[in-house]
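Trainee: Please find one structure pasted underneath; my questions will follow.
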Amino acid sequence: MMPETSNVRKRPFRWHILVFLGPAAFVYTVIMILPLAETLRLSFFQVDSVTRVVTFVGLENYNQLFFNVYWVGPFTKALWNNFLFFVIHMLVQNPIGVLIAALLSMFHLPGKKLYRTAIFMPTLLSFVIVGFVWKLMLSPLWGVSKGMLSSVGLGSWFMPFLGREESALITLALISVWQFVGIPMMLIYAALLSIPEEVIEAAECDGVTGLAQFFKIKLILILPTIGIISILTFVGNFNAFDLVYTTQGPLAGPNFSTDLLGTLLYRTFYGQQTQPGDPNMGATIATMMFFIILVGVAIYLFFIQRRLTRYEM
Amino acid sequence: MKYALMGGLATSLMLGTAVGAFAQSAEITIESWRNDDLTIWQDTILPAFMAANPDIKVTFAPTAPTQYNAALNAKLEGGTAGDLITCRPFDASLDLYNKGQLADLTGLAALDNFSDVAKSAWSTDDGSATFCVPMAAVIHGFIYNKDAFAELGLQEPETQDEFMAVLEAIKQDGTYIPMAMGTLDQWESQAMGYQNIGPMYWGGEKGRQAIIDGTAKLTDPEWVKPFEIMAQWGQYLGDGFEAQAYPDSQTLFTLGRAAIYPAGSWEITGFNNDADFELGAFRPPLPNAGDACIINDHTDIAMGLNPDSPNADAAKVFLDWMGTEEFAQLYSNALPGFFSLSNNAITLDDPLANEFISWRADCQSTIRSAAQILTRGGTPNLWSAMWTASANVINGIQTPQEAAAGLQAGLESWYAPQQN
């Protein structure tokens with residue numbers, strides 16, 4: 001046996017670690033870390049509108065965002081709308097996703113693959129197409145929704161859903177649910193399929209079948225997947241922008257009732273019509289969005305994920 | 001091969017410069033965002049100029065509208081921009097002038113053919129220097145379905161009361177939707193609503209200037225009154241107008257399902273193509289019979305000179321020609337709805353365009369109230385706020401007083417002259 005010290009001395013520098021990590025670290029730095037740092041840096045500067053001189057202003061942009069009524073108003077409204085948008089996804093999209101996945105995995109449905117594909121399909125569509133098609137379907141002038149509601153005797157329920165303050169945000173959230181319900185469905189479906197037969201058989205031996213089996217056995221086993229889906233939904237919703245922009249325009253009407261953090265950021269950063277873009281203020285909002293998402297994810301990681309029990313299967 | 005190509009390129013570039021510099025003839029290039037108008041410039045406007053000035057060769061080189069500002073800035077900074085620069089109104093061009101990228105044209109003979117209002121979009125705030133020759137404006141008003149009016153026995157309304165009576169009559173009859181406009185996209189409410197009917201209440205240029213000077217407020221009755229009128233519009237727009245987008249309104253009107261369309265003259269070409277009924281136009285209604293008529297004649301497009309142009313003399317010949325009656329006539333006829341801003345009397349072939357431009361004879365002109373100075377810097381942006389406020393008033397989300405108070409408070413928060 002060689003002495004341990006010479007063993008350590010002889011071991012060469014492990015270059016392969018660098019070689020294998022290098023490309024990913026490089027790409028991640030260039031694409032994610034540098035832009036994040038640059039955004040943070042931008043938010044500490046401001047450009048004089050007349051002289052175009054860039055000056056370091058410290059936290060002044062944040063001060064504006066939190067204490068100037070014309071910034072804090074839109075910001076809190078967008079934050080609240082975003083929260084509602086997220087809650088609707090959590091209450092509608094994820095339970096429906098679980099339900100469909102459970103149905104697909106439980107029964108021997110003819111044409112199961114067809115359903116699975118059809119429900120997943122909208123996820124692959126562009127926001128622009130989804131926004132345009134739904135806008136057309138819901139249009140009070142040419143849309144099919146009025147006729148469809150009337151044909152089942154609910155004609156009086158029809159209203160210009162996208163044009164009313166009280167209904168526009170909910171409508172957009174439901175359109176987004178329609179588009180993305182395929183993702184929780186697919187993930188949960190995969191999780192359900194990975195539950196071993198023995199577990200199910202053991203449950204059946206103990207007389208746990210049907211609904212009780214689903215709630216007492218399967219749901220517990222797929223909870224970690226549901227956790228991941230929740231966090232994906234959270235991150236996706238707080239970055240949402242495209243659907244509102246394509247259906248309601250940059251001013252997120254009516255009366256900013258559909259304004260999300262993403263549309264507020266877009267309007268601020270790039271400007272709109274005669275409103276000049278303000279990249280520094282935009283970067284401030286983007287940084288806040290980053291922190292909101294960071295805090296949300298951190299809460300999930302430290303307080304929820306730790307309590308989830310993972311079972312070896 | 002590669003070297004040969006580059007050599008060839010270099011030679012042709014040198015030749016090109018040589019021709020420009022030494023030969024008697026000059027070549028000038030026009031930068032523009034109007035790529036839709038390429039054939040009109042190539043086939044109609046430029047041949048007319050070159051026939052009169054055979055030693056100047058003009059090329060029209062447009063960029064896509066959305067890329068124009070960015071592309072032009074890059075070209076100007078890199079020194080590769082064309083000799084003539086098509087100017088956006090107000091701040092975009094003023095910014096270029098302040099950076100020394102547009103030449104001062106004050107004193108150019110052609111500018112005498114334009115009114116101060118026309119020049120205001122391309123002058124410094126104090127009006128001391130003008131840096132672009134105004135080309136065209138768009139005029140606001142109402143386009144209507146003449147067949148529908150004849151069928152219902154209606155006349156063009158002249159006053160606000162008559163206008164409301166016409167709307168009520170169309171609504172009572174029920175065959176047509178009285179007015180085609182939606183509030184989903186919001187900007188129509190501002191451009192075709194507030195800025196269309198408003199100038200007669202706030203007194204056009206006088207009122208606009210008073211807001212800029214800080215001697216009037218947006219909460220004054222003359223600025224609230226147009227909102228009060230628009231608050232009554234909602235009941236005459238189609239069912240579900242809250243979710244009706246701009247193209248929906250255009251289609252609704254050209255399909256003949258709506259009788260009146262609050263319009264800008266840029267719609268003329270499209271409507272002429274799409275509508276198979278006779279089109280008419282009437283002015284924004286007078287507040288009371290006998291009141292002075294003021295129309296929104298919004299300055300939109302102009303032409304300036306690149307100060308680094310090696311062919312500045314030839315370019316100035318072209319700019320001077322743009323002040324002539326011939327140019328005004330050619331341009332306005334080729335693009336009905338974009339009206340020359342010059343003081344020359346022009347005749348148009350398109351009857352609808354003719355109707356719009358005839359209003360200039362009886363009415364004073366003004367531009368959109370928040371287009372100049374009031375939207376420069378500052379949060380909240382008055383222009384965007386007016387979109388939302390106008391749509392809110394029509395939707396009934398805000399009362400006219402609330403809408404005006406919101407606009408005024410927003411403006412006061414950053415615009416110094418309004419703060420005392």
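Trainee: In the stretch A:130-148, what count of residues is obtained for those that are more than 9 Å from chain B (Cβ to nearest Cβ), under 27 Å from the mean Cα position of the chain (by Cα) and open to solvent by 40 Å² or more (accessible area, probe 1.4 Å)?
Mentor: Final tally of qualifying residues: 5.
Trainee: Another question, if that's okay. With the structure loaded, tell me whether B:Ala258 is in contact with a Pro (Cβ under 9 Å, 6 or more places away or on another chain), within 12 Å of chain A (Cβ to nearest Cβ) and within 24 Å of B:Met386 (Cβ to Cβ) or whether it fails that test.
Mentor: So B:Ala258 fails the test.
Here is a yes/no grid of residues against (1) assigned by TED's automatic domain parsing to the domain that holds B:Lys146; (2) open to solvent by 60 Å² or more (accessible area, probe 1.4 Å); (3) under 20 Å from the mean Cα position of the chain (by Cα):
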| position | (1), (2), (3) |
| --- | --- |
| B:Gly264 | yes, no, yes |
| B:Gly270 | yes, no, yes |
| B:Phe277 | yes, no, no |
| B:Gly280 | yes, no, no |
| B:Pro287 | yes, no, no |
| B:Gly304 | no, no, yes |
| B:Asp308 | no, yes, no |
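Trainee: Answer yes or no as to whether A:Val177 is touching a residue at least 12 places away in the same chain (Cβ under 8 Å), more than 20 Å from A:Pro254 (Cβ to Cβ) and not small (Gly, Ala, Ser).
Mentor: Answer is yes for this residue.
Trainee: Can you name the residue in the stretch B:57-83 that is hydroxyl-bearing (Ser, Thr, Tyr) and within 18 Å of B:Leu96 (Cα to Cα) and is also least open to solvent (accessible area, probe 1.4 Å) among such residues?
Mentor: Residue satisfying both the conditions and the ranking: B:Tyr68.
Trainee: Has the stretch A:153-170 got at least one residue that is within 23 Å of A:Ile100 (Cβ to Cβ) and surrounded by 12 or more Cβ atoms within 10 Å (Cβ to Cβ)?
Mentor: Taking every residue of the stretch A:153-170 in turn, at least one turns out to be within 23 Å of A:Ile100 (Cβ to Cβ) and surrounded by 12 or more Cβ atoms within 10 Å (Cβ to Cβ).
Trainee: Residues of the stretch A:228-251 being in a loop (DSSP other than H, G, I, E, B) and touching a residue at least 12 places away in the same chain (Cβ under 8 Å), which ones?
Mentor: A:Asn239, A:Ala240, A:Phe241, A:Pro250, A:Leu251
Trainee: Now for a separate question. Among the residues of the stretch A:109-129, is there at least one that is touching a Ser or Thr at 6+ places or on another chain (Cβ under 8 Å), more than 14 Å from every other protein chain (Cβ to nearest Cβ) and either of a type in the set (Val, Ile, Thr) or without any contact (Cβ under 8 Å) to a residue 24 or more places away in the chain (or both)?
Mentor: yes
Trainee: Now, a different point. Counting residues that are within 14 Å of another protein chain (Cβ to nearest Cβ), which helices (runs of 4 or more DSSP H) fully inside the stretch A:149-227 reach at least 2? Lay out the reasoning, then the answer.
Mentor: Values: elements: A:165-180, A:182-193, A:197-205, A:210-213.
Passing ranges, in order: A:165-180.
Trainee: Can you tell me which residue is most open to solvent (accessible area, probe 1.4 Å) among those in the stretch B:181-210 that are more than 14 Å from B:Thr366 (Cα to Cα) and either away from chain A (no Cβ under 14 Å) or part of a helix (DSSP H, G or I) (or both)?
Mentor: To start, the set of residues in the stretch B:181-210 that are more than 14 Å from B:Thr366 (Cα to Cα) comprises B:181-190, B:192-193.
In the following step, the residues that additionally are either away from chain A (no Cβ under 14 Å) or part of a helix (DSSP H, G or I) (or both) were identified as B:187-190, B:192-193.
On the way: B:Trp187: 64, B:Glu188: 3, B:Ser189: 0, B:Gln190: 1, B:Met192: 2, B:Gly193: 0 Å².
The selected residue is B:Trp187.
Trainee: Sticking with this structure for a sec: Output the residue which, of all residues in the stretch A:58-68 that are within 11 Å of chain B (Cβ to nearest Cβ) and in contact with a helix residue (DSSP H, G or I) (Cβ under 9 Å, 6 or more places away or on another chain), is nearest to A:Leu264 (Cα to Cα).
Mentor: Filtering first and then ranking leaves A:Leu65.
Trainee: Could you pull out the residue among B:Asp126, B:Asp147 that is touching a residue at least 40 places away in the same chain (Cβ under 8 Å), open to solvent by 60 Å² or more (accessible area, probe 1.4 Å) and not aromatic (Phe, Trp, Tyr)? Show your work before the answer.
Mentor: Details: B:Asp126 fails: touching a residue at least 40 places away in the same chain (Cβ under 8 Å).
It is B:Asp147.
Trainee: Let me ask you something else. For the stretch B:87-102, how many residues meet the condition of being of a type in the set (Phe, Trp, Tyr) and more than 13 Å from chain A (Cβ to nearest Cβ)?
Mentor: Total satisfying the criteria: 1.
Trainee: Another question about this same structure. At least 1 residues that are under 25 Å from B:Glu156 (Cα atoms), out of contact with any Lys or Arg (no Cβ under 6 Å at 6 or more places or on another chain) and not hydrophobic (A, V, I, L, M, F, W, C) in each: list the strands (runs of 3 or more DSSP E) lying fully within the stretch B:223-326 that qualify.
Mentor: B:258-264, B:294-305
Trainee: Any residue in the stretch B:206-218 that is modelled with pLDDT under 95 and over 29 Å from B:Gly290 (Cβ atoms)?
Mentor: Yes; the residues of the stretch B:206-218 include at least one that is modelled with pLDDT under 95 and over 29 Å from B:Gly290 (Cβ atoms).
Trainee: Shifting gears a bit: Quick one: which residue in A:Pro276, A:Pro254, A:Pro196 is open to solvent by 40 Å² or more (accessible area, probe 1.4 Å) and in contact (Cβ under 8 Å) with a residue 12 or more places away in the chain?
Mentor: A:Pro276
Trainee: Residue check, B:Pro178 against (1) away from chain A (no Cβ under 14 Å); (2) part of a helix (DSSP H, G or I); (3) open to solvent by less than 30 Å² (accessible area, probe 1.4 Å), all met but one. Which one?
Mentor: For B:Pro178, the failing item is (2).
Let's see how each residue does on (1) in contact with a Leu (Cβ under 8 Å, 6 or more places away or on another chain); (2) not charged (D, E, K, R):
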| residue | (1), (2) |
| --- | --- |
| A:Glu60 | no, no |
| A:Asn63 | no, yes |
| A:Tyr70 | no, yes |
| A:Leu79 | yes, yes |
| A:Asn82 | yes, yes |
| A:Ile96 | no, yes |
| A:Leu99 | no, yes |
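The values are calculated or read from the model by the stated rules, or taken from the named source; none is laboratory data. Owing to the predicted nature of the structure, the values given are computational and were not obtained by experimental measurement. With ideal geometry, Cβ positions are generated from the backbone for all residues, glycine too; neighbour counts draw on all protein chains shown. Heads up: the accessible areas ignore ligands, DNA and RNA and are worked out on the full protein's heavy atoms, side chains in. Shrake-Rupley method; radii C 1.70, N 1.55, O 1.52, S 1.80 Å.
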